[in-house]
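Report on the structure given below.
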Amino acid sequence: MEHQQRFDAAAATWDEEPRRVKLAGDLAQAVRGAVPLSPDMDLLDFGCGTGLVSLALLPQVRSVTGVDSSRGMLEVLEQKIRVQQVEGYRIRHVDLNAGDTLEGQYSLVLSSMTLHHVPEVPALLSEFHRVLAPGGCLCLMDLDSDGGLFHENTEGVFHNGFDREALREVVRRSGFEAIEFVTAAEVSKPDATGAMRTFPVFLMTAWKGR
């Protein structure tokens, strides 16, 4: 709950951090390069925040459903959609820790910089597999193993990044195929000790068989 409240409090100024905006743009571009987006695709953005990644991808797909457990983030996203007169973007408040489940079926499920906040990754992957249509793609974007240096505040951080090969195996056991990783972006920021450091962010793509 404290973790959600922290995101709620940060939501109003979330998009004012240039580093976050650049990262979202880099990740959206990486998705475009890795997945053949098309106007018949319905996309689920899990942990959508203020929609920085999925709003950038919306012009290439039919629809986006953005879900998040932070009502503050969703309120900011809703305002952006209203002001910009965005069509084809649906917003849903979903808190899996409170027993909510994902709804609908999608040809693309993506999650950006959210996985390290999820305590039970296999359970989430099972949810993703369930709502993906046959032949659909999963895109996970998150930090490589960072030794606990990325976050100054570790409230709600359950993983200090991910080892790619270990995550590949967890994803494979969840029923996905053709799992590939690329380095999608880099984030330069002060680490938990105050020293400047560059943190790589991966894009993992995996497919649900037909």
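See the values below:
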| quantity | calculated |
| --- | --- |
| Under Karplus coefficients 6.51, -1.76 and 1.60, residue-wise ³J(HN,Hα) of the range 116-129 in Hz, glycine/proline x | 6, 9, 9, x, 10, 4, x, 5, 5, 4, 5, 5, 4, 4 |
| Rh (Kirkwood; distinct C-alpha pairs) - the chain, Å | 17.3 Å |
| Chain lengthening between GLU177 and THR198 when straightened (0.36 nm per residue, less Cα-Cα) | 4.5 nm |
| Chain lengthening between LYS80 and ALA133 when straightened (0.36 nm per residue, less Cα-Cα) | 16.2 nm |
| For the range 156-210, with +1 on Lys and Arg beta carbons and -1 on Asp and Glu, the positive-most of ALA192, THR205, VAL157 along the dipole | THR205 |
| Largest-first ellipsoid semi-axes for the range 12-51, taking √(5λ) over the Cα gyration tensor eigenvalues, angstrom | 23, 13, 7 |
| Probe 1.4 Å, accessible area per residue of the range 58-196, Å² | 49 Å² |
| Accessible area of the chain belonging to carbon and sulfur atoms, whole % at 1.4 Å probe | 49 percent |
| Mean-position separation - Cα centroids, the range 49-87 and the range 112-128, in angstrom | 20 Å |
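The values are calculated or read from the model by the stated rules, or taken from the named source; none is laboratory data. Quantities reported herein were computed from a predicted structural model and do not represent experimental measurements. A quick note on method: Cβ atoms are made from the backbone with ideal geometry, for glycine too, and the neighbour counts reach across all protein chains shown. Heavy atoms of the whole protein, side chains included, go into the accessibility calculation; ligands, DNA and RNA do not. Shrake-Rupley method; radii C 1.70, N 1.55, O 1.52, S 1.80 Å.
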